[in-house]
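Encoded as structure tokens, the structure appears first; notes follow it.
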Amino acid sequence: MTYRGRFAPSPTGQLHFGSLVAALGSWLCAHHAGGQWLLRMEDIDPPREVPGAAAAILAALPRFGLLADAPVLWQSQRIAAYDAAFAQLRAADQVFPCWCSRSELAAADGMHRDGRCVAAADPSRPPAWRLRTPAVTLHFDDALQGPQRQELRQSAGDFVIRRVEGLYSYQLACAVDDAHQGITEVVRGSDLLDSTPRQIWLQRLLGLPTPAYRHLPLVLDAQGCKLSKSTQALPLDPADPLPALRRALAFLRQPAVPAATDAADLLAQALAHFEPALLPHCSGHSVV
Ligand code: GLU
């Protein structure tokens, strides 16, 4: 089976150093395995999106030498596929409508469990749809973070699949699209480590394959906080890509590339010396 990896940014801000690390890490793993590297724009949450961010991310990646091997998959154009997955879950009685508000759930430790709603059904307004989550323990072996286990009912409860506004959840869209794109290994930041069991559970319910997982340590700022697009931490300069690429390579514990003519040259050299065994294991590292 051909290796297929991906980078799946949400257009909530410009590309930042943390997302460059995820993009570069997944690109190196895919090309090292002789496989393909795909791009997916996770634009299914309009309230969180920043106008122009998707275009800015897609313009920046090639400046860093990161070229996808297929046209970008836009999640906003995949609603029919999510509708079909939702219909499949509904037909199997795996989902239920829920009118509980966040504040009502706060009284029940914030988590919805056992299909038990605190709010009464209110047919006058649209519900959210939640998955009926059983007491099941999911295991997976992360290539960097080691063996993982999560008791799904305890940790995730009856998680939301479709929101009140009719928007599908990241978990559902991710599970459907990793399968649609034929992804064999997911390389991403470890902030998503605890989402993985929910995605694996959805894959099982929907009869989809489970890829391998490799969660990179999070890039932290000097205060030990996660770099995030929303805080505008460490913006990148696509006009001067080499310094950021070198820092990203160093973060990934890969051999330095002291002399490079441009981003493509630096990536070619980095790939020639790429050593997956050197990738960092622990859960967070400061960059600065
Ligand atoms: N869209 C998510 C983000 O930007 C990443 C999703 C994933 O890699 O599964 O944080």
- Task: Have a look at Ala268, Ala68, Ala119 and tell me which one the Gaussian network model of the chain (Cα, springs below 10 Å) gives the largest fluctuation.
- Result: Ala119
- Task: Beta carbons within 10 angstrom, averaged per residue: use that to sort the peptides 121-128, 186-193, highest first.
- Result: 186-193, 121-128
- Post the alpha-carbon centroid distance, segment 47-102 to segment 174-202, in whole angstrom. 13
- Please name whichever of Gly35, Gly18, Val50 sits farthest to the positive end of the charge dipole of segment 1-56, dipole taken about the Cα centre and charges placed at Cβ: Lys and Arg +1, Asp and Glu -1. Gly35
- Note on the structure: For segment 1-121, inverting the pair-averaged 1/r of distinct alpha-carbon atoms gives a Kirkwood value in Å of 17.3
- Sort largest first and round to whole Å: the equivalent ellipsoid semi-axes of segment 88-141, each the square root of five times a Cα gyration tensor eigenvalue. 22, 17, 8
- Note on the structure: Semi-axes of segment 39-197 from the Cα gyration tensor (sqrt of 5 times each eigenvalue, largest first, whole Å) come to 30, 21, 15
- the chain - share of DSSP beta bridges that are antiparallel (%, nearest 5): 50
- Using mean Cβ contacts within 10 Å as the protection proxy, how do 50-62, 199-211, 253-265 order, highest first? 199-211, 50-62, 253-265
- Task: With all distinct Cα pairs included, what does the Kirkwood hydrodynamic radius of the chain come out to in Å, to one decimal, could you say?
- Result: 20.1
- Item | Summed side-chain charge close to Val186 - residues other than Val186 whose Cβ falls under 12 Å, Lys, Arg +1, Asp, Glu -1 | +1
- Item | Cα-based Rg of segment 29-98 normalised by 2.2 N^0.38 Å, two decimals | 1.49
- Query: Which order, highest average first, do 1-10, 87-96 follow once you tally other Cβ atoms within 10 Å for each residue and take the mean per peptide?
  - Reply: 1-10, 87-96
- Taking the chain and counting helices only, DSSP H stretches of n ≥ 4 at -39,500 (n - 2.57) each over all residues, the nearest-500 ellipticity at 222 nm comes to -9500 deg cm²/dmol
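Bear in mind these aren't lab numbers, they're just calculated from the coordinates by the rules spelled out. Fair warning: this is a prediction, and the values are worked out from it, not measured in the lab. A quick note on method: Cβ atoms are made from the backbone with ideal geometry, for glycine too, and the neighbour counts reach across all protein chains shown.
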